[in-house]
Amino acid sequence: MNSKSLKSKLAVAAIIALSITSLTACGGKNKVAETQAAPGLPAVTANAGAAPTITAPTGTPPATLQTQDIIVGTGAPVLATTLTVQYTLMTWSNGKIVESSWTGGQPATFPLSGVIAGWQQGLPGAKVGGRRLLVIPASLGYGPNGSGPIGPNETLIFVVDIIGVS
């Protein structure tokens, strides 16, 4: 084997080794991760700091509140406090986004006591920096009357990024 060929092969081997080491060291955090949801629940992207992508749900909606941490936060926990969040709302019946604070470019700030029961029950324990999926039955949402674009007895799917608590 001539020295030019050997140098080329060594250079390629070094590049491959460096690439593998770099990917291992970063833990793959440069890619967009998607969580595996419980059967029938939507999958949600775990791209911190960016609007989530949510797959449309399938099957019969759950009768009870379902929560899943997509990204586990490391900051202060949500208690009965004022929250600053980014959120996206999808309706179960048609799998369409109804509202998103991400499109307005500004997070929402409000007291936890001032929102629907599904948020009051589903967000405590989440931490700043986290993203939580909430699947909220109508009884903990807007009930038989609905509200605005939310129809009667609609199951709600929220993806909530906790930005701050005070």
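The values are calculated or read from the model by the stated rules, or taken from the named source; none is laboratory data. All of these numbers come straight from a predicted model, not from anything done at the bench. Backbone-built Cβ (ideal geometry, glycine too); neighbour counts: all protein chains shown.
Numbers at a glance
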read-out	value
Subset of region 142-158 [surrounded by 16 or more Cβ atoms within 10 Å (Cβ to Cβ) and touching a strand residue (DSSP E or B) at 6+ places or on another chain (Cβ under 7 Å)]	TYR142, ILE150, GLU154, THR155, LEU156, ILE157, PHE158
Filter result for TYR87 (more than 21 Å from ALA43 (Cβ to Cβ) and touching a residue at least 12 places away in the same chain (Cβ under 8 Å))	no
The lone exception for THR74 - which of (1) exposed (fewer than 13 other Cβ atoms within 10 Å of the Cβ); (2) assigned to a strand (DSSP E or B); (3) under 18 Å from the mean Cα position of the chain (by Cα) it fails	(2)
Members of region 117-165 that are part of a loop (DSSP other than H, G, I, E, B) and without any contact (Cβ under 8 Å) to a residue 24 or more places away in the chain	GLY143, PRO144, ASN145, GLY146, GLY148, PRO152, ASN153
Criterion: at pLDDT 60 or above, more than 18 Å from the chain's Cα centre (by Cα), among the aliphatic types (A, V, I, L, M) and part of a loop (DSSP other than H, G, I, E, B) - qualifying residue of ALA38, ALA51, ALA56, ALA63	ALA63
